[in-house]
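Trainee: Take a look at this one; I'll ask things after.
The values are calculated or read from the model by the stated rules, or taken from the named source; none is laboratory data. Bear in mind that the values here come from a model prediction, so they are computed numbers and not experimental data. Here the Cβ positions follow ideal geometry from the backbone for every residue, glycine too, while neighbour counts run over all protein chains shown.
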Amino acid sequence: MKRIKGFLTMKTDKELYKIFVTYPQLLFEMAGLQPDDHYEMVSITLKGFERRSDGFFIPQSEKSPVYFLEFQAYHDQVIYHRTIMEMAAYGIQNPGREIRGIIVFTYKGLDKKTMPWHELTFSNKHVFKVIYLEDYLKKLETQNPNDPVVAMFKPYQVEKKETLKKNARKWYRNIQKSQLPAKVKESFEMVFTQWMQERFSNLTYMEVTKMFVPLTPLEETRSYKELVAIGKKEGIKLGKKDGKKEGRKEGRKEGESLATRRTIARMIARRFNINIRRVIPRLRSLPINDVIDLGDQLFVMKTFSEAFQWIDDRKKENSQ
């Protein structure tokens, strides 16, 4: 895993999407803007441009401007051109609508300041803004070392794994103890956990989460414990019947896998108000790590169709 000016080269798009979907005001805080409207981040497809934009901020009022967000963690010569093209494509479809753009670079050295578009960043109307994440986080940490945003980005910034192991619990607690809304806090915790898992990819999910929480939320649920117990009993019975000593061990393993699938299936069923029988068959052939990942993705999904599509896409990826 390489390091680029204060940040590690990890995949970040999925995690950043989670952050801004649940906490869109963070973008405006980073940009130093105070919009008079409430915004939601959604994905849109730009007709005629054949491009999907995942960072589209739409306000409640049609009189307020819309925002296009691009997050850039690598050198890209055309990032300004691409963002402007997205804004222009939307403008053609929605003439008269006020449109603005924001590019977030992980650090200042990635900004090529492409002309003439970079000149728009000097406009008093804030038509186009550029944010340097490294500078923003440094300033934020100076103002408040315990800020949950600072804590969440630590696995993405800190290079030494020993430092991560030593401070992970403190940073995670900073997120938990924050005054953020419950849904936002949950997304910050998930992003922190996923980045920690990527940093310690040689360890199991349980081994990583034990660095900052005693047990994973899944293991603390009553349904998990009950289903593990059932799995143990079934394994012991099977072992006795076949005369195998591995019954208890296999029973626990199968019980944990069953408990995980049942718990995630219940989460999907409750979130989208559908019968759990529609969910369980789809999870059977999905690897357990993917089932856990699905549970992490649920809060950004708005329909059960999205969840089912995610499952189908993951199965296709695994078969390749």
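Trainee: Considering only residues of segment 278-296 that are among the charged types (D, E, K, R) and modelled with pLDDT of 85 or more, which is farthest from Thr204 (Cα to Cα)?
Mentor: Going through the qualifying residues, I end up with Arg278.
Trainee: Kindly check whether there is at least one residue in segment 110-130 that is more than 30 Å from Val150 (Cβ to Cβ) and among the basic types (Lys, Arg).
Mentor: Within segment 110-130, one or more residues are more than 30 Å from Val150 (Cβ to Cβ) and among the basic types (Lys, Arg).
Trainee: Tell me which residues, restricted to segment 65-97, are surrounded by 14 or more Cβ atoms within 10 Å (Cβ to Cβ) and either in a loop (DSSP other than H, G, I, E, B) or in contact (Cβ under 8 Å) with a residue 60 or more places away in the chain (or both).
Mentor: Pro65, Ala73, Asp76
Trainee: So which residues in segment 100-128 are of a type outside the set (Lys, Arg) and under 26 Å from the mean Cα position of the chain (by Cα), if there are any at all?
Mentor: Step one: filter segment 100-128 for residues of a type outside the set (Lys, Arg), giving 101-107, 109-111, 114-124, 126-128.
Selection gives Gly101, Ile102, Ile103, Val104, Phe105, Thr106, Tyr107, Gly109, Leu110, Asp111, Phe128.
Trainee: Within segment 279-313, take every residue that is among the hydrophobic types (A, V, I, L, M, F, W, C) and outside any helix (DSSP H, G or I) and give me the one that is surrounded by the most Cβ atoms within 10 Å (Cβ to Cβ). Explain how you work it out, then say what you get.
Mentor: If we filter segment 279-313 for residues that are among the hydrophobic types (A, V, I, L, M, F, W, C), which is where we start, we get 279-280, 283, 286, 288, 291-292, 294, 298-301, 304, 307-308, 310-311.
The next check asks that each one be outside any helix (DSSP H, G or I); those that pass are 279, 286, 301.
Details: Val279: 22, Leu286: 18, Met301: 18.
Top of the filtered list is Val279.
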